[in-house]
Amino acid sequence: MLFNSINFLVFLILFLFTYFLLKGRVRVFFCLISSYIFYSFFNYKFLILIILSTITDYLAGLKISSEKNNLKRKSFLFISIFLNLLILGVFKYFNFFLDSFYNLISILNIEVKKIYVEILLPVGISFFTFQSMSYSIDIYNRKIKVEKDLLRFATFVSFFPQLVAGPIVRAKKLLPQLAVFQVFKWSNLFLGSELIIYGFFLKLCVADRLGVIIDPTYSNLMDYGGSVHLITSILFSFQIYSDFAGYSLIAIGIGRVMGFNFGINFKRPYMASSIQDFWRRWHISLSSWLKDYLYIPLGGNRFGVSKKYKNILIVMFLGGLWHGASVTFLLWGICHGVLLIIGETLKKIKYNVPNFFKQLTVFILVSILWIFFRSENLEIIKLKFLKIVSFENYFYNFSYDLFNLVIGFIMVCIVIIEDFIKEKKIKFSKSFRIFLSIFYLWLISFFGIFNGTNFIYFKF
Amino acid sequence: MFKNPKRTIIIFCLLFLIGDRILSHAGVYITKFSSLPIAQLYNKNLDSDILIIGNSRAYRHFYEDDWSSFLNLKVSNLSLPGAPLIHLEVILDDYVSIYGKPEYIFIELDSLITNLDILPSFKFLMFFSDNYSLLIKKYFRKIYHISNLINLYKLNSTQYLNVIHKIFENYEQPKLYSQVSKNQLENFKNSSNTNRFKSKDYNFESLERIIKKYNGKSEIILLISPFHPEVINKYHKEIDEWKKNLNSIFKNEFRMLDFSDSITDDKFFNDPFHLNNLGVKKLKEILLSDRFFEKIL
């Protein structure tokens, strides 16, 4: 059930009415069942994976917290991590690893018959396994108390607003909120609705509109000149931002209406003045997850510069791999790692550059790397870059979709203005904010694309 | 804002709906200035002697200006790419209710085959045509209700944007200049072999209604424009069956001009189903030599 569908709208309204009518454990149970129903609309068979991950981490959490022996605590943590990674490995990376294995043995001149297994990727697998796994790690590190209530824990793992594409909300943040009875507040309804409306604007008016322009240029590369590839590469930066930030805002908004605070997942990433800054603003819940559960345990910046750089590269490599089982994602992650290291080095040099130029440089670099992210294979990346830099027939087929290009451009301008205003911390009166929400609803009605396009991050 | 939340919600909804109505009506008003035939039709600027209706094949194959000059009559091509006949019937009915019956109505029969997918993209017509609204209500109930609640949604379509575009640029019937490639034909040959030539019931019923309503008052001419020989080869059985069926019902009462296999050279085709500019000129020569056109001329 996609957020951008009538079915979900009906589901949400019915859910919220019932949710506020119920109290105590019945309400938590209702949340759990609703979340399972929500997930079943994608593929009910994969519910078993969520349940498996839930039971594993629930039991591991109990054992880790009750066990005094450190070795045994470690082994229970290992079981939890191993099982979660196994689910991920089988459903997300199996064919990728198999392919890499075949490539390796072909280098060694060994002939084998290549066999691939057709595996469907469960929606949101990377999100709920990471969310669930962080719980066991936090228990092991004694950062949180064990959750003895299975019902509450299961709801934490499968909570529907952020189940399929995040934000990844840690146990420390969500479990205590699930334990409290959330009363209905008008302020939550207004603030949540404001976020939901803007989230839908980002998804339906910006991301999906830009998708109409961008997708053909990737599927039929040769049909367009360099100028089209250049423009669509820049626009893709806004498509992916609007798509993912849109989803996050809808999720956070729904949570807010229910009385929950999931935190923020995007903080105007294209206003970043360095790559480090970009990663503090982009997909914050994943970046902070990787920092806390990977970068710091690897040693972080505690063992000298070379070790720090190595850790950055490992984290960004795995961050790339998290997005998908493909060389293009790995390259994207590694390149970001290299840029982060360059950024770290440049920090030591004092130079006086206006902030705008720093922001522009970061945006250009990030946009270039989005080409790696969007392309399905290395050949497409190569062709895309060649097209952009070769000036032969540069404006060929430039006006292939002028309508959508103009509308997309206007929508992008609105996003930039909105981000700029927020970045400058300009506050609006409440009545003006209401008017803005109405304005976004008009834009959605008139410019929104309602063909049920999937969110890009669903495939991760 | 939170002191009187219920009032805030009411004001929010009212403001949204009032703005929605004002903006959408402004959107409808500016269609008056569009040169697109569909906008001209409803803005009372399209009185014609001959009407041509059909899907993209009729839209591409019959140039209004050419026809007007060689027949010395005002010709309007109200064909819409992807339109099923049931949709074109609505357009025809609306035309007749605004301008009265034309002398001749040409119906390209490929629109009998077209499905309803394209219908919602013309939802701005709900502002102009009750017949169209009823069609949407019948086949796309969800869209009908949402559109009536939020009027701006009626304008949310590429077809409406097309109307707007033709305010700033004068409408000219688009022409195709490419030539079908060997690769395209090979792909077509290898594509799945589902039966394309099967009239949809709703379109067939629509044709019967058109005949019942307008036969005698206007001259109705049923027409099949050329297909690439590969289409004929691939679907020869289905096409024969389709034509046999149409002939058995209509031939005795109506003139059915069948040009389906009248052009064979690749150079006249843009793709297997559409003639290019050269092909359209060739078709014009063939039409002019037809006895029926000699009569009009």
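Read the figures in this text as sums done on the coordinates, not as results from a lab. Please read all numbers here as calculations on a predicted model, not as lab measurements. Every residue, glycine among them, receives a Cβ derived from its backbone with ideal geometry; neighbour counts consider all protein chains shown.
Need one word for the range B:4-155: rounded, prolate or oblate. Basis is the Cα gyration tensor (sqrt eigenvalues a ≥ b ≥ c); a/c below 1.5 gives rounded, then a/b vs b/c decides.
The shape class here is prolate.
Need the C-alpha centroid separation for the range A:348-402 versus the range B:1-22, integer Å.
The two parts, judged by their Cα centres, are 43 Å apart.
Rank by packing, highest mean first: peptides B:141-150, A:176-185, with packing defined as the count of other Cβ atoms within 10 Å averaged across residues.
On the way: B:141-150: 15.7, A:176-185: 13.1.
Listed from highest to lowest mean packing, they are B:141-150, A:176-185.
Quick one: grab Rg to one decimal and Dmax as a whole number for chain B, Cα atoms only, in Å.
21.5, 80
Please give the calculated 222 nm ellipticity per residue for chain A, where each DSSP H segment of at least 4 residues contributes -39500 (n - 2.57) and the sum is spread over every residue; nearest 500 deg cm²/dmol?
-22500 deg cm²/dmol
Whole Å is fine, so just give me how far the alpha carbon centre of the range A:109-168 lies from that of the range B:27-80.
59 Å
Using the eigenvalues of the Cα gyration tensor, what equivalent ellipsoid semi-axes result for the range A:187-459 when each is taken as the square root of five times the eigenvalue, whole Å, largest first?
Ellipsoid half-lengths, sorted descending, are 29, 27, 18 Å.
Across the residues of A:358-367, average count of Cβ atoms on other protein chains within 10 Å?
Mean partner-chain Cβ count within 10 Å for A:358-367: 0.
For B:Leu176, enumerate residues with amide H under 5 Å from its amide H, sequence gap 5+ or separate chain, H modeled in the peptide plane.
Correct list: B:Asn277.
Pull up all non-local amide H partners of B:Ile221: gap of 5 or more, or a different chain, and H-to-H distance under 5 Å with H placed in the peptide plane.
Correct list: B:Ile105, B:Phe106, B:Ile107.
Using the Kirkwood radius over Cα pairs, work out the Stokes-Einstein diffusion coefficient for the protein assembly as shown at 25 °C and 0.890 mPa s, in µm²/s as a whole number.
Answer from the Stokes-Einstein relation: 82 µm²/s.
Run the helix sum for chain B: -39,500 (n - 2.57) per DSSP H stretch of 4+ residues, divided by residue count, reported at 222 nm to the nearest 500 deg cm²/dmol.
After summing the helix terms and dividing by the residues of chain B, the value is -16000 deg cm²/dmol.
Along the range A:207-214, what does the Karplus equation 6.51 cos²θ - 1.76 cosθ + 1.60 (θ = phi - 60°) give for ³J(HN,Hα), rounded to whole Hz, x for Gly and Pro?
Rounded to whole hertz, the list is 4, 6, 5, 5, x, 4, 7, 7.
I want to verify the translational diffusion coefficient of the range A:6-181 in µm²/s; compute it with Stokes-Einstein, Rh as the Kirkwood radius over Cα pairs, at 37 °C and 0.692 mPa s.
184 µm²/s
Step through the residues of the range A:98-108 one at a time and calculate ³J(HN,Hα) from phi using the Karplus curve (6.51 cos²θ - 1.76 cosθ + 1.60, θ = phi - 60°), rounding each to whole Hz and writing x for Gly and Pro.
The phi angles translate into 4, 5, 4, 5, 4, 4, 5, 6, 6, 5, 7 Hz.
Of chain A, which part is the longest with no GluC sites (Glu not before Pro) in a loop (DSSP not H, G, I, E, B) and with at most 10 other C-beta atoms within 10 angstrom? Let's see the in-between values first.
On the way: sites that count: A:Glu111, A:Glu118, A:Glu392.
By the stated rule (loop sites, at most 10 other Cβ atoms within 10 Å), A:119-391.
Among A:Lys173/A:Lys427; A:Lys350/A:Lys427; B:Lys234/B:Lys267; B:Lys154/B:Lys281, which pairs are too far apart, with a Cα-Cα distance over 29 Å?
Values: A:Lys173/A:Lys427 27 Å; A:Lys350/A:Lys427 34 Å; B:Lys234/B:Lys267 19 Å; B:Lys154/B:Lys281 38 Å.
Those over the limit are A:Lys350/A:Lys427; B:Lys154/B:Lys281.
Could you order the peptides A:330-339, B:284-293 from most to least packed, using the average number of other C-beta atoms within 10 Å per residue? Each step should come with its number before you reach the end.
Numbers: A:330-339: 20.6, B:284-293: 13.4.
Order by mean packing, descending: A:330-339, B:284-293.
Quick check for me: using +1 on Lys/Arg Cβ and -1 on Asp/Glu Cβ, what's the dipole size of the range A:6-181 about its Cα centre, in debye to the nearest 20?
780 debye
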